[in-house]
Structure formats: structure tokens, C-alpha cells
Amino acid sequence: MRKYYPNYSIGTDAYSDIPMVCEKYGTKAVIIGGKRALAAAADLIKEAVKDSKITITGVFEYGGEASREHIDELNSHQEVVDADMIFACGGGKAIDTCKVLAQESKRPFFTFPTIASTCASCTSLGIIYHPDGSLREYSFQEKPSEWIFINTQVIANAPVKYLWAGIGDTMAKFYECTTSARGDGDELDHSTSMGVQISNLCAKPLVKYGVEALEECKNHRPGKALEEVILGIIVSTGFVSNLVGIDLNTGLAHACYNGFTVCRSTEEHGHLHGEIVAYCIRLLKVDHQEDEFKKIYEFSKNMGFPVKLADIHATLDDMDAVITKALSGIDVRKWPYEVTPDMILDAVKKIEEVSF
């Protein structure tokens, strides 16, 4: 068994480490990312390497979707083919595109997250879609990026909604991972046990610093709170994902998120992934974690996360279809007990009645 983990640099000067880290991997790098990500980071990367041995062979947009077709398009450029290493800029889909491109061509890649919304820049898993946005495949690879360059000023300048949703999505990792782990009894191996322990850092620091971190992001002034939250979203969650298997990487919150994808009114109003997951965390009610439920409910109100079905443009009438979809996947197959439709519906009804 092999386990690989990326190193990282974080701070407003994180890009200054690029020459020291990357020169050992070659002299030619190509920058690939989303349009807004490249506008935010490409010139800063070029400035950081201008007096080094590294030459930027080109700057390319990834195509807008993490698809095989866009990977093939990128490989049609000689500048991409000639590069010794890939510099991946942006959010999850841009980074996953570069991740799969680099891994399949056996080249090192380095990630430059420009928003803090997912742990994609820290994980080896790449999620590939069809050009229309529908899921195509999970690309399970052995190695994540060699290094993550986390420029906190770049992230502070990004739209705050991505950080907000990232906090909601990240917190689910702790509750899902620890509950799923109970389904394994005492059979957790070393890596899985370590991942379960690290998952604590996916929730507690975010509850402590989340509101303050949003304020720092709104004011484009990165401070301690924003840095702690970014590390929780990108690094802590990424390490958990790399350490535990698929069954401990998901759970009831993400099962119910998948359920809400069939709710037309929720989809039509464009609610973000992490926003819906944040609502679904409150299904702690199913597990009778009442103290945690109260804590997260209050935190959610302070953060402006949805706390009622109406906040995600859903109603109790939608729940039969939502629950059927939620339980059709693998998300709770390793739960410590069978989750039934009545359990979820009863929990949702109780959440609707909460008034504290």
C-alpha cells in the first residue's frame, strides 16, 4: 500500500515558494485554469518565476467543464505537451481537469486554488463530466499534487459565496466520516483511523472562525480566521479524503444533497452544492445527535445557511422523491444502521418545527 500527500504553502506570499519547490521537476510549466482564476493568479505566478529557471510555456483556459473532450483539446497544444509540469489554477473542475491530464501523462502537477470551496487541490481523485455537465466517471489516481500554493489574498479577493458554500460542504465531512466509521466497528486500519481523527478539523475550526472568516473575505483582508478556514476546507478535508475509503468520504448529508438534485425548484434557483449540504447536515436529527444539532443550527443561522426547506425552495411535498433518490446511491451503505425513508422524513419534519 502506498499513500501520498501534498505539501503546501499558505499566505499572501505563498507563490514566492514556487521556484524553490518546482525547479527540481523541470524548467517548463504550463498554466491551466478557469477564466477568472487565470485573471486572478496567472500574472502573479509569472512574476514569482521570472528570475528562476522555470519558463511558462503557455496559459490556457481549461474549457469550462472537467471533461475528456477538454483534456483532449488541451493536449492538442504543443505548449501543453512540451511542459514538464502542470500548474492548475481555479476551483474544483479546473483543478480536476489538470489533475487527470497530468496524471495520465505521468507529469507532476501543482495546484493554485483561487477559491476555497472544495478540497480538489489536495486530493488525488478527479471527477470527470460529459460536456453537458452530467457525471461521466471518477478518475481514481494514486498521487495528488506535489504542492499546493494557497495565496490567501487571491482567495480573499474571490466572491465570498464560494467560501460560504465551501464551509457548509466541508463541515459535513466530520459528521459523515465519524458516523460512517461507527459502521466499521473496531475494524478501522491505521490510515482510516488517522483520517477519522483529522476530520475533527473539518468542523470545529470552521464553527469557531467561520463568521469572522466571511467578514475578512468580504473586506478582501485575509487574516487568521480566513487562513484557518481555508486550511480546513482545502487541507484538512483533502487529507481525510486521501486517507479514508469512499464509504467514509460520504454519508447522509451528501445522500440527501443528491436527493435534492431531483427537486426542480431547488435546481432552478441555483442553490450551491455546499449550501444544500449545509442544510442536510441538520439531518443529525436522524442520529439523535441533539447537542450537535443545536450547535450547528445556531451556527447556520449566524452564517446565513438554509435552516428550513423553504430556504432551498423545497417543501415537504418534495420529500418522497428526494428521499427515494437519496437512498438509491451508496452514500449510507456503511452507516451504523439502516437508514429508512421514514427516518429522514421524520427528521425533516422536526427540523421544520425548530424555533430556537
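The values are calculated or read from the model by the stated rules, or taken from the named source; none is laboratory data. Because the structure is a prediction, the values reported are computed rather than measured. Just the protein is used for accessible areas: all its heavy atoms, side chains included, with ligands, DNA and RNA removed. Shrake-Rupley method; radii C 1.70, N 1.55, O 1.52, S 1.80 Å.
Surface composition of the range 22-111: carbon and sulfur atoms hold 46% of the protein heavy-atom accessible area at a 1.4 Å probe.
Heavy atoms of the protein chains alone define the surface here; on that basis the range 62-166 has 36 Å² accessible area per residue at 1.4 Å probe size.
I need the shape label for the range 85-125. Rule: rounded when a/c is under 1.5, else prolate if a/b > b/c, else oblate, with a, b, c from the alpha carbon gyration tensor. Prolate, since a/c reaches 1.5 and a/b exceeds b/c.
Carbon-plus-sulfur fraction of the accessible area of the range 269-356, 1.4 Å probe, in percent? Roughly 50 percent, rounded to a whole number.
The alpha carbons of the range 7-96 give a radius of gyration and a Dmax of 12.8, 35 Å, in that order.
Computed on the chain, with alpha-carbon pairs under 8 angstrom and 6+ residues apart, the relative contact order is 15 percent. Solvent exposure of the range 274-344, expressed per residue, is 46 Å² of accessible area, with all protein chains present and a 1.4 angstrom probe.
Measuring between their Cα centroids, the range 145-198 and the range 250-318 lie 18 Å from each other. Within the range 64-206, the ratio Rg/Rh, alpha carbon atoms throughout and Rh by Kirkwood, equals 1.00.
Using only Cα atoms, find the angle between the long axis of helix 204-218 and the longest principal axis of the chain, and express it within 0 to 90 degrees, rounded to the nearest 10. With both axes taken from Cα atoms, the answer is about 60 degrees. From the Kirkwood radius over Cα pairs of the chain, Stokes-Einstein at 4 °C and 1.567 mPa s returns a whole-number translational diffusion coefficient of 62 µm²/s. Here the range 128-203 exposes an accessible surface that is 51 percent carbon and sulfur, computed with a 1.4 Å probe and the other protein chains kept in place. Compared with the rule-of-thumb size 2.2 N^0.38 Å for a compact globular protein, the range 138-190 has a Cα radius of gyration ratio of 1.64. Its alpha carbons give the range 234-330 an Rg and a Dmax of 13.8, 39 Å. Decide, for the range 147-243, between rounded, prolate and oblate: order the square roots of the alpha carbon gyration tensor eigenvalues as a ≥ b ≥ c, take rounded if a/c falls under 1.5, and otherwise choose prolate if a/b is larger than b/c, else oblate. In terms of gyration-tensor shape, prolate.
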